[in-house]
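Asker: Sharing a structure with you now.
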Amino acid sequence: MTCGGCSGAVTRVLTKAQQEGSVSSFDVSLETQLVNVKGPIEKDALVEKIRKTGKEVRPRSWFSGPRMTYRWYGF
């Protein structure tokens, strides 16, 4: 993510997923180029949603638990 357009595209996709109930919360940081996502969504489904924006997804870390947490960087 190098511009507001990039972070805006990811934010729109994650907002829609949040409205659908598959994402409980997320944070998109243009400054750090990190995206943190929490929710019951499966990893592959989340990656696909973000890839549809045309952004590359590079996982930084995955945390398992009752709700999954995903972190990405460098869209």
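The values are calculated or read from the model by the stated rules, or taken from the named source; none is laboratory data. Values in this document were obtained by computation on a predicted structure and should not be read as measured data. Note: accessible area is taken over every heavy atom of the protein model, side chains too, but ligands, DNA and RNA are not part of it. Shrake-Rupley method; radii C 1.70, N 1.55, O 1.52, S 1.80 Å.
Asker: Within the bounds of the stretch 12-28, is there any residue that is part of a strand (DSSP E or B), open to solvent by 50 Å² or more (accessible area, probe 1.4 Å) and among the hydrophobic types (A, V, I, L, M, F, W, C)?
Answerer: Yes, the stretch 12-28 contains a residue that is part of a strand (DSSP E or B), open to solvent by 50 Å² or more (accessible area, probe 1.4 Å) and among the hydrophobic types (A, V, I, L, M, F, W, C).
Asker: When the stretch 39-53 is examined, which residues are found to be in a helix (DSSP H, G or I) and either among the hydroxyl-bearing types (S, T, Y) or open to solvent by 50 Å² or more (accessible area, probe 1.4 Å) (or both)? Steps first, please.
Answerer: We begin by selecting, within the stretch 39-53, every residue in a helix (DSSP H, G or I); these are 43-51.
Across the stretch 39-53, the qualifying residues are K43, D44, E48, K49, R51.
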